[in-house]
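Colleague: Quick one: this structure, given as structure tokens, is what I'll be asking you about.
The values are calculated or read from the model by the stated rules, or taken from the named source; none is laboratory data. Bear in mind that the values here come from a model prediction, so they are computed numbers and not experimental data. Cβ atoms come from the backbone with ideal geometry, glycine included; neighbour counts cover every protein chain shown.
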Amino acid sequence: MEADLITRARNGDHDAFGELTGPHLAELRVHCYRMLGSFQDAEDVLQETLLAAWRGLGGYQERASLRTWLYRIATNRCLNARRATDRRPVAEWIVPTAEAPQPTGLSETVWLQPFPDALLGPEARYEQTETISLAFVTALQVLPPRQLAVLVLRDVLGFRADEVAQMLDSSVESVKSALKRARAALEQRRAAENPPAPGSATEDAITARFVEAWESADVEALVALLTEDVFISMPPTPFEYQGRELVTRFFARIFATGRRFDLVPTRANGQPAFGAYLRTPTGVSHGTGLYVLDLAGERISALTRFENTVLPFFGLPRSVDRDVRRA
């Protein structure tokens, strides 16, 4: 069946090409996202990959599986994208009416976007969610590009060392060395957490309390939900805040301006997320961003705030009518 589709695709049959590549699109999109840390860039590189595969199908010699061949193209397109992308500018502090608290530090990864759970694909089982979590993807972005590629291909996707070497036009020894260095670097950055299962009663209870506290601007209730070492980041604003005391001051300054929000639930990176909508006197709330929560046990260990430009990725509107929302 596949051989027939390949023959037809080589003869210019776009439908046959779609049947060949369709089953791999979801996982290739996630792969590009892990490599680039940006949903938008991943979409662009996925399209480049498909175009390159269409044009190069005549040279596909079928020594490796079609899936492996597609991963080779996608990985190298991602490496090219990382080399070609100029350093992106950081954004300004997000609340002009409030002075920013002194941050704990500045992020090494200011260009990061969330990934919609709806596009993760059927292979995204609960036990695999760690490899799409924001913490994991963020840690990947500080690795040198080839180390990142090797680690994802070997440890996440399970390709053999010789297969990865062929994909990267490298040697098996070089792949093994890069993997060892990548694992060591990643281990220093990854914190052990125990998140509740997605959709579990524990997760639902935590998020319900978060929504109630955030929408009512109840800083005390919010702080009660946090771990001692809670972490806040706001890409592409580089400021990072760590620790319950500092995060308490951060929340207090946000709500002291009189800003009040409505939250619309969604999911990103296997984690609970919320579109944030700023209330106005007209009864219409305007989208200001997306919050993604990291949960540890029965507490929130991290909150990442993204700009409102990511809302369309999740099918969320730019504004919501509060009266309609409450109906």
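Colleague: Please verify whether the range 145-160 includes one or more residues that are modelled with pLDDT of 95 or more, farther than 19 Å from Pro114 by Cα, more than 23 Å from the chain's Cα centre (by Cα) and of a type outside the set (A, V, I, L, M).
Modeller: Yes.
Colleague: Follow-up. As an exercise: evaluate Leu57 against (1) within 25 Å of Asp162 (Cβ to Cβ); (2) not in a helix (DSSP H, G or I) and give the number of the one condition it does not meet.
Modeller: Only one criterion in (1) within 25 Å of Asp162 (Cβ to Cβ); (2) not in a helix (DSSP H, G or I) is unmet by Leu57, namely (2).
Colleague: So is Leu293 more than 23 Å from the chain's Cα centre (by Cα), surrounded by 19 or more Cβ atoms within 10 Å (Cβ to Cβ) and modelled with pLDDT of 95 or more or not? Explain how you work it out, then say what you get.
Modeller: Working: more than 23 Å from the chain's Cα centre (by Cα): no; surrounded by 19 or more Cβ atoms within 10 Å (Cβ to Cβ): yes; modelled with pLDDT of 95 or more: yes.
Judged against the criteria, Leu293 is not a match.
Colleague: Any residue in the range 206-214 that is modelled with pLDDT of 90 or more, out of contact with any strand residue (DSSP E or B) (no Cβ under 9 Å at 6 or more places or on another chain) and among the polar types (S, T, N, Q)?
Modeller: No, because not a single residue in the range 206-214 is modelled with pLDDT of 90 or more, out of contact with any strand residue (DSSP E or B) (no Cβ under 9 Å at 6 or more places or on another chain) and among the polar types (S, T, N, Q).
Colleague: Would you confirm, using the coordinates I've provided, whether Thr202 is within 25 Å of Leu112 (Cα to Cα) and in a helix (DSSP H, G or I)?
Modeller: no
Colleague: Would you pick out the residues in the range 266-288 that are buried (at least 20 other Cβ atoms within 10 Å of the Cβ), touching a residue at least 60 places away in the same chain (Cβ under 8 Å) and of a type outside the set (A, V, I, L, M)?
Modeller: Within the range 266-288, Thr266, Asn269, Gly270, Gln271, Pro272, Phe274 qualify.
Colleague: Scan the range 296-318 for residues that are surrounded by fewer than 21 Cβ atoms within 10 Å (Cβ to Cβ), out of contact with any Gly (no Cβ under 6 Å at 6 or more places or on another chain) and among the polar types (S, T, N, Q) and report the count.
Modeller: 2
Colleague: Looking at (1) at pLDDT below 95; (2) in contact with a strand residue (DSSP E or B) (Cβ under 6 Å, 6 or more places away or on another chain), find the lone condition where Ala276 falls short.
Modeller: Of the numbered conditions (1) at pLDDT below 95; (2) in contact with a strand residue (DSSP E or B) (Cβ under 6 Å, 6 or more places away or on another chain), the odd one out for Ala276 is (1).
Colleague: Within the range 46-73, which residues are over 17 Å from Leu5 (Cβ atoms), within 28 Å of the chain's Cα centre (by Cα) and either without any contact (Cβ under 8 Å) to a residue 24 or more places away in the chain or exposed (fewer than 15 other Cβ atoms within 10 Å of the Cβ) (or both)?
Modeller: Passing the criteria: Gln47, Leu51.
Colleague: Taking the range 232-248 as the search range and keeping residues that are closer than 18 Å to Val211 by Cα and not polar (S, T, N, Q), which one is farthest from the chain's Cα centre (by Cα)?
Modeller: Val247
Colleague: Being farther than 25 Å from Thr138 by Cα, small (Gly, Ala, Ser) and either buried (at least 22 other Cβ atoms within 10 Å of the Cβ) or in contact with a helix residue (DSSP H, G or I) (Cβ under 7 Å, 6 or more places away or on another chain) (or both) narrows it down to one residue among Ala197, Ala256, Ala201, Ala217; which is it? Give the steps one after another, and end with the answer.
Modeller: Working: Ala197 fails: farther than 25 Å from Thr138 by Cα; Ala256 fails: either buried (at least 22 other Cβ atoms within 10 Å of the Cβ) or in contact with a helix residue (DSSP H, G or I) (Cβ under 7 Å, 6 or more places away or on another chain) (or both); Ala201 fails: either buried (at least 22 other Cβ atoms within 10 Å of the Cβ) or in contact with a helix residue (DSSP H, G or I) (Cβ under 7 Å, 6 or more places away or on another chain) (or both).
Every option except Ala217 fails the conditions.
Colleague: What are the pairs with Cβ atoms under 6 angstrom where one residue, in the range 119-138, is modelled with pLDDT under 90 and the other, located anywhere, is assigned to a helix (DSSP H, G or I) and of a type in the set (Gly, Ala, Ser)? Sequence gap at least six, or different chains.
Modeller: Within 6 Å, the pairs are Gly121/Ala26.
Colleague: Quick check, is Leu293 in contact with a Phe, Trp or Tyr (Cβ under 8 Å, 6 or more places away or on another chain) and in contact (Cβ under 8 Å) with a residue 60 or more places away in the chain?
Modeller: Details: in contact with a Phe, Trp or Tyr (Cβ under 8 Å, 6 or more places away or on another chain): yes; in contact (Cβ under 8 Å) with a residue 60 or more places away in the chain: yes.
So Leu293 passes the test.
Colleague: So which of Tyr277, Tyr291 ends up being in contact with a Leu (Cβ under 8 Å, 6 or more places away or on another chain), closer than 24 Å to Leu246 by Cβ and of a type in the set (Phe, Trp, Tyr)?
Modeller: Tyr291
Colleague: Next question, about the same structure. Could you please find all residues in the range 74-93 being modelled with pLDDT under 95, surrounded by 14 or more Cβ atoms within 10 Å (Cβ to Cβ) and small (Gly, Ala, Ser)?
Modeller: Residues satisfying the conditions are Ala81, Ala91.
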